[in-house]
Amino acid sequence: MSLLPIITLPDEKTLREVSKPVATIDSHVKALWDDMLETMYRAPGIGLAAIQVGVPQRLLVIDLAKDGEPKAPLFVANPEITWASEQQSDYEEGCLSIPDYYEMVTRPAEIKVRYLNRQGEPNEMHATGLMATCLQHEIDHLNGVLFIDHISRLKRERVIKKFQKAHKLGKL
Ligand code: ZN
């Protein structure tokens, strides 16, 4: 396994790409998932989409286990949200591609997601709480959407400018 560089703002070009479905869960997909998982643990983070390491494929890794709990990695390919609750919930979100920035985001509180698991089998999950938020955040990445797209334009422009400025000054 190896650590992969995580793409961050201001590199919006890559992060705005729409990822393509994978055809099969082969050894390449499994190796990429393993690298993504290691990269996510090291960051540390609770979710990572393949596009965040520059690979435009519809692949995610998620692990919501807290410190001290056994690791519980979830490997997701080609996810599709098949149902979302009308009830909404607010979470303060962050993103490994937008380091050290957190903002409240409102999303459906519960969703159902259809996806392929690590064995390549179709699966459906009813997600609630943090898992529902995390899945929606990561699936957004596969469509080139960032969590800052769900906040006010003023706040979004401010954070993008901050990263552009830091990049110019050579701090990123
Ligand atoms: Zn993210």
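The values are calculated or read from the model by the stated rules, or taken from the named source; none is laboratory data. Just so you know, these numbers come straight off a predicted model, no measurement behind them. Methodologically, a virtual Cβ is constructed for each residue, glycine included, from the backbone with ideal geometry; neighbour enumeration extends over all protein chains shown. All accessible areas refer to the heavy atoms of the entire protein, side chains included, with ligands and DNA or RNA removed. Shrake-Rupley method; radii C 1.70, N 1.55, O 1.52, S 1.80 Å.
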Decide, for the range 27-153, between rounded, prolate and oblate: order the square roots of the alpha carbon gyration tensor eigenvalues as a ≥ b ≥ c, take rounded if a/c falls under 1.5, and otherwise choose prolate if a/b is larger than b/c, else oblate.
rounded
Low-density loop positions, GluC sites (Glu not before Pro), the range 80-136 - DSSP coil, at most 14 other Cβ in 10 Å
Glu86
Assign unit charges at the C-beta atoms only (+1 for Lys and Arg, -1 for Asp and Glu), then state the dipole size of the chain relative to its Cα centre in Debye, rounded to the nearest 20.
740
Past 28 Å, Cα to Cα, is the threshold; run Lys112/Lys155; Lys30/Lys71; Lys13/Lys165; Lys13/Lys168; Lys66/Lys112 against it and keep the listed order.
Lys112/Lys155
Go through the range 127-172 and name the trypsin sites (Lys or Arg not before Pro) that are in a DSSP coil and have 13 or fewer other Cβ atoms within 10 Å of their Cβ.
Lys171
Please list the helices of the chain that count as membrane-span-like by this rule: a mean Kyte-Doolittle hydropathy of at least -1.0 together with Cα atoms stretching 18 Å or more along the helix axis, each helix being a complete DSSP H run.
27-42, 129-142
If you take every residue apart from Asn78 with its C-beta less than 14 Å away from the C-beta of Asn78, what net charge results, scoring Lys and Arg +1 and Asp and Glu -1?
-1
Rounded to the nearest percent, how much of the accessible area of the range 103-172 (1.4 Å probe, protein heavy atoms only) is carbon and sulfur?
52
Once amide H atoms are built 1.01 Å from N in the peptide plane, which residues 5 or more positions from Glu93, or in another chain, come under 5 Å H to H?
Glu103, Met104, Val105
Can you list which of the trypsin sites (Lys or Arg not before Pro) found in the range 23-81 are DSSP loop residues with at most 16 other C-beta atoms within 10 Å?
Lys66, Lys71
On average, how much accessible surface per residue is there in the chain, in Å², for a 1.4 Å probe, leaving out ligands, DNA and RNA?
55
Segment Lys30-Glu92, extension gain: residue separation times 0.36 nm, minus the distance between their alpha carbons:
19.3 nm
Distant-in-sequence amide H partners of Glu110 (H built 1.01 Å from N, under 5 Å)
Ser85
